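Input: a single structure, listed below in structure tokens.
The values are calculated or read from the model by the stated rules, or taken from the named source; none is laboratory data. On a predicted model such as this, the values are computed, not experimentally measured, just so you know. Cβ atoms come from the backbone with ideal geometry, glycine included; neighbour counts cover every protein chain shown.
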Amino acid sequence: MYRGLLVESRLIPLIPVTFDILDQTTRLRVQHPQKLPDAIHIVTAYSSGCVYFMSNDRDSERLPFNLRRLTPDAAGVSTLMKAPHG
């Protein structure tokens with residue numbers, strides 16, 4: 001199911017992890033302690049122009065960069081679907 005959603009449907013763009021993203025991740029973790037995978041996702045989302053960050057992880061409740069956390073439930077998905085896309 002995930003493979004179909006992430007790869008085959010092309011609904012969600014996959015962003016490669018670059019040196020710049022890893023460098024920004026290091027800086028983020030100094031100021032906002034996060035697990036490494038979460039920090040990479042946060043920096044990638046921000047660098048890609050995202051406004052929302054969907055996560056069920058309590059560590060992501062306080063997000064930097066003015067990202068808004070949404071939970072992966074009906075309310076979170078509804079908010080995301082109603083958001084302007086550009």
The one condition Ser48 fails out of (1) modelled with pLDDT of 90 or more; (2) surrounded by 16 or more Cβ atoms within 10 Å (Cβ to Cβ); (3) small (Gly, Ala, Ser) is (2)
Restricting the stretch 10-30 to residues that are more than 13 Å from Ser47 (Cα to Cα) and at pLDDT 90 or above, the residue that is surrounded by the fewest Cβ atoms within 10 Å (Cβ to Cβ): Val30
Would you check which residues across the stretch 58-86 are surrounded by 15 or more Cβ atoms within 10 Å (Cβ to Cβ), among the aliphatic types (A, V, I, L, M) and either assigned to a loop (DSSP other than H, G, I, E, B) or under 9 Å from the mean Cα position of the chain (by Cα) (or both) and list them? Leu63, Leu67
Do we have Phe53 as of a type in the set (Phe, Trp, Tyr), without any contact (Cβ under 8 Å) to a residue 60 or more places away in the chain and part of a loop (DSSP other than H, G, I, E, B) here? no
Just to be sure, is Ser55 modelled with pLDDT under 90 and either in contact with a Gly (Cβ under 9 Å, 6 or more places away or on another chain) or buried (at least 18 other Cβ atoms within 10 Å of the Cβ) (or both)? yes
